[in-house]
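**Student:** After the structure tokens below, expect a handful of questions from me.
Bear in mind these aren't lab numbers, they're just calculated from the coordinates by the rules spelled out. Here the structure is a predicted model, which means the values were calculated and not measured. Cβ placement follows ideal geometry from the backbone for every residue including glycine, while neighbour counts extend to all protein chains displayed.
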Amino acid sequence: KTALSTRNDASMAPKSGATGASAAAPKTVLDKIVAAVSRMADPTGSSRVAIVKFLKSEYAVDNANAIKKALKAGVDSGKLLQKGQSFMVPGVELKPVEEEQITISEVRAGK
């Protein structure tokens, strides 16, 4: 790229604080985990494996040690609740998904 196109690219980038998403972007691994658990919105909690997959796809976080330490720190500080291998954000109640009712009607070929 030329210097002119680089300057244009930089000027076209959103300013910090211009959008709510960029201003509220999680910075620490723990903040990213809390955001991931909230966005996955699983009523039974998000599994460790699902959290790792989400962090890899959304935030490019692939450091297993950092994720493990952040999960432990989150549980210790009260930012996360742990049930077995699943984690939830305290204070956020999610309704369980209602199962659809399926009616089966018998159709016979008439005489």
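**Student:** How do 72-84, 46-58 rank on mean C-beta neighbours within 10 Å, highest first? Spell out each step's value before the answer.
**Tutor:** Numbers: 72-84: 13.5, 46-58: 16.2.
Going by the mean number of other Cβ atoms within 10 Å, highest first, we get 46-58, 72-84.
**Student:** If a/c stays under 1.5 just call it rounded; otherwise compare a/b with b/c (prolate if a/b is bigger, oblate if not). Do that for segment 51-95, with a ≥ b ≥ c from the square roots of the Cα gyration tensor eigenvalues. The partial results should precede the final answer.
**Tutor:** On the way: a/c = 2.27, a/b = 1.42, b/c = 1.60.
Judged from the Cα gyration tensor, segment 51-95 comes out oblate (a/c at least 1.5, b/c at or above a/b).
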